[in-house]
Amino acid sequence: MGNVEVYYFSGTGNSLTLARLVAQRLGGELIPIASVIDREKIELTADVIGIVFPVYYAATPNIVRRFAEKLETTEGKYIFAISNYGGGAGDSLKTLGRIFEARGKALSAGFGVHMPQNAFHKPWEMKSLAYRQAPKRIDFIVRAVEVRRTGLFYSNVLVQALMAPFQGWLRRMTALYLEKASNTPSPSGLTAEQLMPLADRSFAVDENCTGCGTCARVCAVGNIEIVDKRPIWQNHCENCLACFNWCPTDAIRGALANTGYRYHHPDVTVRDIARQSEPQT
Ligand SMILES: Cc1cc2nc3c(=O)[nH]c(=O)nc-3n(C[C@H](O)[C@H](O)[C@H](O)COP(=O)(O)O)c2cc1C
Ligand code: SF4
Ligand code: SF4
């Protein structure tokens, strides 16, 4: 198999759980994307590289785009991505592939995995089914990686095909939504990617905030400072909703966080998420 590195980004633990599973099965090293993202260039040393991330707004998270843009020494390596989502992969895997292509590199394979939704409540969602199916999907992915299969492998091909013509429209709707979430006057002329870091402008805490600092610990990109026992968001948000979902007193409100629905993967802890931004040992 050669040596393997599995990079991941995760707000509420779904991506981390999948990354753990695949790294365990392939005998690979698990590396948080947030721990390397500030480097000017990211040098890859392993023969097989995995990239595991959630879908945001039917697309690739900004941090994963920046990560792909910084990758060096990809020649001769097998690089696969695992995109996971509560509904569908949207354009996330194709976008990642295009970033590689634009730099004369190649994403070897992309896999979609259905997981529970972490951003809004789907009353019909069967979380236990998603948890049971995830290891089976990882079995498929591991076999595909072992034989170096190439191409895109979605978990729900029909949804993918039906949504494909709407990707451009979805990007425009996302930009409009994020203009509102970031209190940016419309039309701003800014793209969804440019507006996402500012979406935390709508975050605020209510009287339940105890100043415990958990939100700052779980923010993988250091976007929260605790000042006078209250979180202050720094406008370089990845929209992962870790702060909102892991707050022990449900004190965070805002456009991205007014759903009344809170989620995290049952096998993942605050400590696991906080590790993404800590020095790696
Ligand atoms: C800001 C935001 C936007 C999202 N957009 C989508 C989406 O467009 N389609 C989808 O299927 N899931 C979407 N999701 C759900 C996540 O992709 C999904 O729950 C993922 O498994 C979360 O991974 P994590 O636990 O590693 O953070 C979104 C989540 C967030 C926080
Ligand atoms: S995690 Fe919640 S209670 Fe703790 S400081 Fe942040 S907002 Fe306040
Ligand atoms: S501020 Fe909250 S939503 Fe934004 S990146 Fe940090 S944890 Fe994620």
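The values are calculated or read from the model by the stated rules, or taken from the named source; none is laboratory data. Keep in mind the model is a prediction, meaning the values are calculated, not measured. Cβ: placed from backbone, ideal geometry, glycine included. Neighbour counts: every protein chain shown.
Data overview
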| quantity | calculated |
| --- | --- |
| Gln276 vs. criteria more than 12 Å from Ala119 (Cα to Cα), more than 15 Å from ligand 2 (Cβ to nearest atom), not in a loop (DSSP other than H, G, I, E, B) and not basic (Lys, Arg) | yes |
| Candidate set: the stretch 166-207, residues that are within 16 Å of ligand 2 (Cβ to nearest atom) and aliphatic (A, V, I, L, M); chosen: the one nearest to Thr249 (Cα to Cα) | Val205 |
| First in the stretch 214-236 and at positive phi, second anywhere and modelled with pLDDT of 95 or more and within 11 Å of ligand 2 (Cβ to nearest atom), Cβ under 9 Å, 6 or more apart | Gly222/Ala216; Asp228/Gly211; Lys229/Cys209; Lys229/Thr210; Lys229/Gly211; Lys229/Cys212; Lys229/Gly213 |
| Close pairs (9 angstrom Cβ cut-off, 6 or more residues apart or separate chains): surrounded by 22 or more Cβ atoms within 10 Å (Cβ to Cβ) and at pLDDT below 95 in the stretch 238-260, of a type in the set (Ser, Thr, Tyr) and in a helix (DSSP H, G or I) anywhere | Leu256/Ser202; Ala257/Ser202 |
| Counted residues, the stretch 261-273 - those being within 15 Å of ligand 2 (Cβ to nearest atom) and either within 17 Å of the chain's Cα centre (by Cα) or surrounded by 15 or more Cβ atoms within 10 Å (Cβ to Cβ) (or both) | 5 |
| Lone qualifier among Ala23, Ala19 - being among the hydrophobic types (A, V, I, L, M, F, W, C), away from ligand 2 (no atom under 16 Å from the Cβ), more than 15 Å from the chain's Cα centre (by Cα) and not in a loop (DSSP other than H, G, I, E, B) | Ala23 |
| From Ala134, Ala161, residue being exposed (fewer than 14 other Cβ atoms within 10 Å of the Cβ) and either modelled with pLDDT of 95 or more or more than 17 Å from the chain's Cα centre (by Cα) (or both) | Ala161 |
| Out of Thr210, Thr214, sole residue that is over 23 Å from Pro61 (Cα atoms), within 9 Å of ligand 2 (Cβ to nearest atom) and either more than 18 Å from the chain's Cα centre (by Cα) or surrounded by fewer than 20 Cβ atoms within 10 Å (Cβ to Cβ) (or both) | Thr210 |
| Residues within the stretch 54-88 that are assigned to a loop (DSSP other than H, G, I, E, B), closer than 22 Å to Gly168 by Cα and not hydroxyl-bearing (Ser, Thr, Tyr), tallied | 6 |
| Failed criterion for Ile51 (all others in (1) of a type in the set (Val, Ile, Thr); (2) assigned to a loop (DSSP other than H, G, I, E, B); (3) more than 18 Å from Val218 (Cα to Cα) hold) | (2) |
| Search result, residues across the stretch 32-91 that are among the hydrophobic types (A, V, I, L, M, F, W, C) and over 30 Å from Tyr131 (Cα atoms) | Ile42, Leu44, Leu71 |
| Elements of type helices (runs of 4 or more DSSP H) in the stretch 143-242, at least 3 residues being away from ligand 3 (no atom under 16 Å from the Cβ) and over 30 Å from Ala106 (Cβ atoms) | 167-181 |
| Among the residues listed as Val221, Val227, the single one being among the β-branched types (Val, Ile, Thr), away from ligand 2 (no atom under 11 Å from the Cβ) and farther than 16 Å from Tyr57 by Cβ | Val221 |
| Checklist (1) modelled with pLDDT of 95 or more; (2) surrounded by 15 or more Cβ atoms within 10 Å (Cβ to Cβ) applied to Arg143, failing item | (2) |
| Tabulated pairs, the stretch 94-107, first more than 19 Å from Asn84 (Cβ to Cβ), second polar (S, T, N, Q), C-beta under 7 angstrom, 6+ apart or interchain | Lys105/Thr74 |
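Per-residue answers, yes or no, for (1) without any contact (Cβ under 8 Å) to a residue 12 or more places away in the chain; (2) of a type in the set (A, V, I, L, M, F, W, C); (3) closer than 30 Å to Leu162 by Cα:
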position: Gln24; (1), (2), (3): yes, no, no
position: Lys41; (1), (2), (3): no, no, no
position: Phe67; (1), (2), (3): no, yes, yes
position: Tyr85; (1), (2), (3): no, no, yes
